[in-house]
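Please read the structure below before turning to the comments.
The values are calculated or read from the model by the stated rules, or taken from the named source; none is laboratory data. Since the structure is predicted, the reported quantities are computational estimates derived from the model, not experimental observations. Here the Cβ is made from the backbone with ideal geometry for all residues, glycine too, and neighbour counts use every protein chain on show. With ligands, DNA and RNA removed, areas are computed over all heavy atoms of the protein, side chains included. Shrake-Rupley method; radii C 1.70, N 1.55, O 1.52, S 1.80 Å.
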Amino acid sequence: MNISKGSYRILTAQTYMKFSNYPTGMKNFSFEKIFTFEVPNNLHHMELPFAESYRIKMVEKIHKTTREERAKWIKEARYNLFNLRNDQIFIDLLTDSGTGAMSDVQWSEMMIGDESYAGASSYFKLKNAIEEITGFPYFLPTHQGRAAENVLFSVLIKEGHFIPGNSHFDTTKGHIEFRKATAVDCTIHEAFDTTLEHSFKGNVDPVKLERILEQKCDQIPFIIMTLTCNSSGGQPVSMENLKMVRNFADKYKKMVIFDSARFAENAYFIKNREPGYQDKTIREICREMFSYADAMTMSCKKDAIVNIGGFIGMRDIDLFRQASVFNIMFEGYITYGGMSGRDMNAVARGLFEGTEYDYLETRIKQVEYLGKRLMSFGIPVQQPIGGHAVFVDAKRFLPQVPREEYKAQTLAVQLYIESGVRGVEIGTLLADRCPISRENRYPDLEMLRLAIPRRVYTNNHMDVVAVALKNVFDRRDEIKRGLKIIQEAPIMRHFTVELDLA
């Protein structure tokens, strides 16, 4: 027994127990009792299970509802899930855009935002973060990604142009077609087989790309690459493919632009799937990715984990000057561009947090968890599981529903009525009508997207989603009819469309 006073630590093979409250008359003593034991030779060493790289600091209450209530509400919403109120939703997987949970450091940055109209310190903080992570020396802030597209495309796209890329997303295609230009999908054919395992289903097919470059060279201002490729199921693009696109662009003297909303998730997949990148950091991979681009648009509501914000990154000062004119017209002065100083601070911090490997691993493993749960029930999903969402193959899920009756939207409505889970259709409604014939375009992929907000839900919530969808899957043979359009907008109709039962 050692009677000297002191502090004691717990060791692997010895446990020290200290009396901190001394009895009267014993204030000059402390006691420790030492227990020793041997570790059995046959003791199995267990690998620690995976756990999130954050802890929860604040929570928000969500509401459970009844099937009867949900059936009534979705009918009143004209079977458009965008029209539902938040308090009518239990688990909201409509989008991962602007719906993430910001960190304590991001919130602290909000408190010290500089709201000066011109030349705010928040602008320079964001400028430095963008240049460090992407390498682009010039940038313009915008209020979100589609605003960045609007500004940049106002400079670059003219009527009659053709814009090749990998499955342009809705706003990208909308901005192209609004300017009477044509989006040309050059995605590899493997992307459209949801049963096929392919590490980089977001890749561009070199044969398709060179064909359009040869045929329409004078009418192509740039090639656009979406990272990750949302419309093909949140699928990544390989570094090898980005290099190939850069080589074609140089050969035909074209610009390359990245739609970079989920660039960090793309870098994560490169690190884990592409040979030669396992020992690279996420930021090193990002810098190489962006080295193959001339400009970028960014919705910061995704990989920068903020509620609002976006920007355009550029290398060429002349392009920056031309885009500045439209930025001032559409967004605001070039050092705030529709964003407050506090939001620019949050974006700057979010760009660094969003490019940390531990964060990305936590985020993408949760998406994978939901995907594997669905697959265990036999539910058809796009394989491999993407970075930001699980995409359910509505063609295989509801084969008996006519394609003219919007299979994926029908599935989304059924899931909501079953459970209060809100997803979104990535299919015929989103594909819109042909600008010339005004006939429906039927895409190769008809998907229900379950987009998971960042750092918001637990895996218990994912279990609810999986079981709810299984319940729908078990009664899929009863679902024979879908929906019909009552009212629609001339472009990007899926946001405001009104539907009824077919």
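List of remarks:
- The separation of segment 468-502 from segment 109-162, counted between C-alpha centres, amounts to 37 Å.
- In this label model, Tyr333 and Tyr54 are separated by 3.3 nm, measuring between points 7 Å along each Cα→Cβ vector.
- Taking all protein chains into account, the per residue accessible area for the chain stands at 46 Å² (1.4 Å probe).
- Positive-pole candidate from Thr194, Phe162, Leu152, dipole of the chain, charges at beta carbon: Thr194
- Listed residues Arg441, Arg283, Arg422 arranged by accessible area, highest first, probe 1.4 Å: Arg283, Arg441, Arg422
- DSSP bridge analysis restricted to the chain gives an antiparallel fraction near 65%, rounded to the nearest 5.
- Rounded, prolate or oblate (a/c below 1.5 giving rounded, otherwise prolate when a/b exceeds b/c) for segment 327-398 by Cα gyration tensor: oblate
- Here the relative contact order of the chain, from alpha carbon pairs under 8 Å that lie six or more residues apart, stands at 20 percent.
- Volume in Å³ per residue [convex hull over Cα atoms, computed for the chain]: 207
- Stokes-Einstein diffusion coefficient of segment 277-335, Kirkwood radius over Cα pairs, 37 °C, 0.692 mPa s, in µm²/s: 245
- Of the accessible area of segment 134-181, computed with a 1.4 Å probe over protein heavy atoms only, carbon and sulfur atoms account for 53 percent.
- Loop-located GluC sites (Glu not before Pro) in segment 400-454 (DSSP state other than H, G, I, E, B) with a sparse environment of at most 11 neighbouring Cβ atoms within 10 Å: Glu439.
- Using a cutoff of 8 angstrom between alpha carbon atoms and counting only pairs six or more residues apart, the relative contact order for segment 194-301 works out to 28 percent.
- Ellipticity estimate at 222 nm from DSSP helix runs (n ≥ 4, -39,500 (n - 2.57)) divided over the chain, nearest 500: -11000 deg cm²/dmol
- Overall form of segment 410-480: oblate. Here a/c, set by the Cα gyration tensor axes a ≥ b ≥ c, is 1.5 or more, and a/b is not larger than b/c.
- Taking a ≥ b ≥ c as the square roots of the Cα gyration tensor eigenvalues, segment 52-158 comes out oblate, since a/c reaches at least 1.5 and a/b does not exceed b/c.
- Of all beta bridges that DSSP places with both ends in segment 246-347, some 60 percent have antiparallel geometry.
- With a cut-off of 14 Å between beta carbons, the residues surrounding Ala120 carry a summed charge of -1, where Lys and Arg count +1 and Asp and Glu -1.
- Only Lys, Arg (+1) and Asp, Glu (-1) charged, at Cβ; the chain dipole about Cα centre in debye: 760
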